[in-house]
Amino acid sequence: GITSVENKIEIPSHYILKQNYPNPFNPVTTINYQLPYSNYVTLKVYNILGEEIATLVNGEQKAGNHTIAFNASKISTGVYFYKLQAGSFTEIKKMVVVK
C-alpha cells in the first residue's frame, strides 16, 4: 500500500505582531510575530525619543511564526517601542523595562 505522509505547516493568513511577554520585564522578554509570506523583515527597538537602540531582525524570513528574545540588560529602565516591518506591513508596540 501507499502511505501518505502529510507535513502540514500552519501558514498565518495575515501579519501579526504580538505584545511582548513578560511586560514589564527585566532583563529578557520574548516577541512573537507571524508572517503570511516570506519577506524581508526588520524588527527594531527604539527609545522614547525615537532613537534606534537595537536591531533584532534584519533579513529574509520564511512565512510562519517567529519568536525573538530581547535582552535589555544594557539599557535603562523606561518605555521602549519595537517596530516590525515586512513588505508594506508596519506595526509598533510598546514595552517597559523595569530594573
For this session: Jot down the radius of gyration and Dmax of the chain, Cα atoms only, both in angstrom.
Result: 16.1, 65
Problem set entry | Solvent-accessible area, 1.4 Å probe, carbon plus sulfur percent, for segment 7-58 | 52
Problem set entry | Amide hydrogen neighbours beyond the local backbone of residue 37, cut-off 5 Å, H modeled | 64
Exercise. In square angstrom, what is the accessible area per residue of the chain with a 1.4 angstrom probe?
Worked result: 64
Exercise. For the chain, what proportion of DSSP beta bridges, expressed in % and rounded to the nearest 5, is antiparallel?
Worked result: 95
For this session: Work out the count of Lys pairs in the chain where the Cα-Cα distance is under 14 Å, with the pair 8 or more places apart or on different chains.
Result: 9
For this session: Enter the accessible area of residue 10 (Å², nearest 10), with the probe set to 1.4 Å and all protein chains included.
Result: 120
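The values are calculated or read from the model by the stated rules, or taken from the named source; none is laboratory data. This structure is a prediction, so every number in the text was calculated from the model and none was measured. Surface areas here come from the heavy atoms of the whole protein model, side chains and all, with no ligands, DNA or RNA. Shrake-Rupley method; radii C 1.70, N 1.55, O 1.52, S 1.80 Å.
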